[in-house]
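This report concerns only the one structure given below.
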Amino acid sequence: MSSWYMLTVVGEDRPGIVAGVTAALFKGGCNLGEASMMRLGGSFTIMLMVELGGSDDVLQQLVEPVARSLGLHVHIDSIEGQLHRHREPDVSITVYGADKTGIVARVTAVLAEAGLHILELESDVAGNRENPVYVMHIEGYAEKSIDLLRSALKVVECDGIEVSLEAVDTMIG
Amino acid sequence: MVELEILTYPDQRLKQVSPPVRQFGEELRVFIARLEFTMRGSPGGVGIAAPQVGYFQRIVIVDVSAKPKIPGHGRMVLVNPEILSWEGMTRGREGCMSVPDFTGNVMRAERITMTAFDEEGNLQEYLCEGYEARAVQHEIDHLDGLLFLDRLVSRHTDLFRRKKYDNKICNYSA
Ligand SMILES: [Zn+2]
């Protein structure tokens, strides 16, 4: 009987983290699933679905040596998740503007209220220390309607936040 | 009628280039009818290319008319299609009957002009835009052994090139 785990890895960015971690998992007989891996600030972060015919302790022991040698912090959660449970986004939203306290909370609160189910969110801070520019991209699913999201966003636009919303209609061919 | 079996990647036959149709006639018409039946039997499918059912000839069917509010030509049977011109680029999300359980963003020309023979062998000219142009380009790729997986772009691509929606109304009181 195998189970799925969510493996979280965080450490100071350096070359070889992905190769090191995935090689250790491969040698340990793990099956890898969906993943998000990226550099955030100076850190490298991994969220990775791992399937294994053993307990979380076994998984912990598999990644321990590479984690120690690369200075990585590891966290493991047992999950109910499975592969092939994708949910298609039907809306894509980009937000940017002068970075202000509370911009993320403000925008996402308005969208949540209007029924947005966020499937993916990426955000970044561009510009420089004096004039930071906040950039966010969301792909999501409108639980109510896209028009409702559109009108909700008009409110935050008035705070000098630039917003673009586009319906996503996936072409299947 | 019976639906044809759809090849799915990693079947390497999907990666081969198909030669043009040389002969029009009853056999071609029968195949096109079966290809169309297969496309319509696939949920959400707005296009299909002959190689997807293991028939390696340059034949494509596109019909976006089931999609509300999307302009197009209705049912298009495209035999030996040739894209003559491309204009503008947009990012859009695509999936494929030959690549189950995955969708991704792909850049395509916004507008194309094209010639193709219909199922009777008459040469037709088309101007396709937007969603329909995307479907046509996706299907013609199949004739050249290309999948949308070969053209995936990151979410960052085209982030700020999209049009802002208008009618900014800011005289609200909070
Ligand atoms: Zn396809």
Qualifying positions in segment A:117-173 - within 22 Å of B:I70 (Cβ to Cβ) and either within 16 Å of the ligand (Cβ to nearest atom) or in contact with a Phe, Trp or Tyr (Cβ under 9 Å, 6 or more places away or on another chain) (or both): A:R150, A:S164, A:L165, A:E166, A:D169, A:T170, A:M171, A:I172, A:G173
Spans of strands (runs of 3 or more DSSP E) in segment A:1-100 with at least 3 residues small (G, A, S): A:31-40, A:91-98
Verdict on A:G71 being modelled with pLDDT of 95 or more and within 17 Å of the chain's Cα centre (by Cα): no
Matching residues in segment B:93-128 - criterion: being away from chain A (no Cβ under 13 Å) and among the acidic types (D, E): B:E110, B:D118, B:E119, B:E120, B:E125
Tally of residues being more than 14 Å from A:A114 (Cα to Cα) and within 7 Å of chain B (Cβ to nearest Cβ) across segment A:144-168: 5
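Each row is one residue, and each column tells you yes or no for (1) within 29 Å of A:I17 (Cα to Cα); (2) outside the structural domain of A:E34 (by TED's automatic domain parsing).
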position: A:L48; (1), (2): yes, no
position: A:V58; (1), (2): yes, no
position: A:V63; (1), (2): yes, no
position: A:H84; (1), (2): yes, yes
position: A:V104; (1), (2): no, yes
position: A:A109; (1), (2): no, yes
position: A:E120; (1), (2): yes, yes
position: A:D124; (1), (2): yes, yes
position: A:G127; (1), (2): yes, yes
Unique match (being over 27 Å from A:G140 (Cβ atoms), more than 16 Å from the ligand (Cβ to nearest atom) and touching a residue at least 40 places away in the same chain (Cβ under 8 Å)) among B:V79, B:V136: B:V79
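To keep it simple, each residue is scored yes or no on (1) under 14 Å from the mean Cα position of the chain (by Cα); (2) farther than 27 Å from B:D150 by Cβ.
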| residue | (1), (2) |
| --- | --- |
| B:Y9 | no, no |
| B:E27 | no, yes |
| B:V60 | yes, no |
| B:M76 | yes, no |
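The values are calculated or read from the model by the stated rules, or taken from the named source; none is laboratory data. The structure presented is a predicted model; accordingly, all values stated were derived computationally and were not measured. Neighbour counts run over all protein chains shown; Cβ positions are idealised from the backbone, glycine included.
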